[in-house]
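Okay, so here's the structure we're looking at.
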Amino acid sequence: MIPHGTLISEVGAEAIEKGFGVPIFGSRKLLNWESDRQLKEKLMKESGIRTPRSFSSPKEINTLAIVKLHGARGGQGYFLADSPTSFQEKKRIMEKKGILKKGTTLYIQEYVVGVPVYLQFFYSPLTRELELLGVERRYETTVDAIGRIPSQMQEGVMPSYVVVGNIPLVLRESLLEEVYRMGEEFVRTAARLVPPGVIGPFCIEGVYDENAEFVAFEFSARIVAGTNLYILGSPYSGLIYEKPLSMGRRIAVEIKNAMRSSSLAKVLT
Ligand code: ATP
């Protein structure tokens, strides 16, 4: 049993799945898939979503790659490498600085050059409808600061990906069809691989590359911090709902609708 007063972020996905004794809104199993980089990649790949190549060993690194820790860390402790040698060098620096503990399991992924975009969805198991409720980008230090230094003076500056805030974004309209297609395919695939599948909020996170094609490096199977931008609704929620609607309120509406139709079992796990 998880001690009273413990924060969910301190608990971890596995403990939530097995030891959290009260029903929760959302899918516990999917949280576990979210926290395991291999399972996460499998779900996105099977959804037909383009994902960056991953490398099973540092020896395979033959292009610019981003090295990550397992689990959601808000970009903390990530670094870039473009060869097995630069991987070892950077890893040593990170360990020396105390940012990385020796022996930590790392996940290595191709670095996709493009602009990062976070797509905030809500899926209702009651109506079986998918809603895009917001789009954002994150403000990350130091990677978003490097352009502020003249290129001749950038040597030795190591980009880091620590999130300090979120910035609202409206996508070019022609991209929306593909956004919905990806979201729908993700919902279908999650229902097949991790039943009962998606319940409520989730976020597909990636980069639009030079051809404005989306490559997803991540998903979150839950409400994400960037939804705080839209407490009074977003340009997207405004197209679906007449009243200002935050992601939190959308969850409340779903729970109320489930209670009214005696369908709580469809939204709780
Ligand atoms: P969260 O806490 O939101 O789950 P996280 O710690 O899992 O975040 P990611 O979302 O995987 O971290 O990545 C953090 C940042 O690193 C991204 O916002 C993006 O700027 C950058 N990033 C991650 N993967 C890639 C990639 N494959 N190519 C380019 N940039 C990437």
Using a 7 Å offset from the Cα along the Cα-to-Cβ direction at both GLU46 and ALA225, what is the distance between the two label points in nm, to one decimal? 3.0
Å³ per residue enclosed by the Cα convex hull of region 43-185: 155
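Note down the magnitude of the dipole of the chain about its Cα centre, charges +1 on Lys and Arg C-beta and -1 on Asp and Glu C-beta and zero elsewhere, to the nearest 20 debye.
Values: 34 positive and 30 negative charges, 178 e Å.
Roughly 860 debye for the chain.
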Just for the Cα atoms in region 53-111, what are the lengths along the principal axes, largest first, rounded to whole Å? 27, 23, 16
Trypsin sites (Lys or Arg not before Pro) in region 163-267 lying in a DSSP loop, each with at most 13 other Cβ atoms within 10 Å of its Cβ, come to ARG172
Using Cα pairs under 8 angstrom and six or more residues apart, how large is the relative contact order of region 53-111, in percent? 49
Sorted largest first, the Cα spans of the chain on the principal axes come out in Å as 61, 46, 33
Put a dot 7 Å past each Cα toward the Cβ at LYS256 and GLN88; how far apart are the dots in nm? 6.1
Mind checking which of ASN257, TYR230, ALA191 is farthest towards the positive end of region 135-269's charge dipole, using Cβ charges of +1 (Lys, Arg) and -1 (Asp, Glu) about the Cα centre? ASN257
Could you give the longest part of the chain that holds none of the GluC sites (Glu not before Pro) found in DSSP loops with at most 11 neighbouring Cβ atoms within 10 Å? 1-154
Comparing ASN62, ASN32, ASN166 in a Gaussian network model of the chain (Cα, 10 Å), the one with the largest mean-square fluctuation is ASN62
Listed residue (LEU30, MET182, ALA13) projecting farthest to the positive dipole end of the chain, Cβ model: ALA13
Could you pull out every one of the aspartates and glutamates with an alpha carbon less than 17 Å from that of LYS91, ignoring same-chain neighbours closer than 8 positions? GLU60, ASP82, GLU110
With just the Cα atoms defining each centre, how far is region 162-182 from region 20-59? Give it in Å. 20
GLU178 versus GLU14, label points 7 Å from Cα toward the beta carbon: distance in nm? 3.8
R0 = 41 Å: FRET efficiency of LEU64 with ARG249, Cβ-based, nearest 0.05? 0.50
Please enumerate, by chain and number, the lysines with C-alpha under 22 Å from the C-alpha of LYS256, excluding those fewer than 8 residues away in the same chain. LYS243, LYS266
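Each value in this text was obtained by applying a stated rule to the coordinates, not by laboratory testing. Nothing here was measured: the structure is a model prediction, and the numbers come from that model. Using ideal geometry, Cβ is built from the backbone for each residue, glycine included, and neighbour counts are taken over all protein chains shown.
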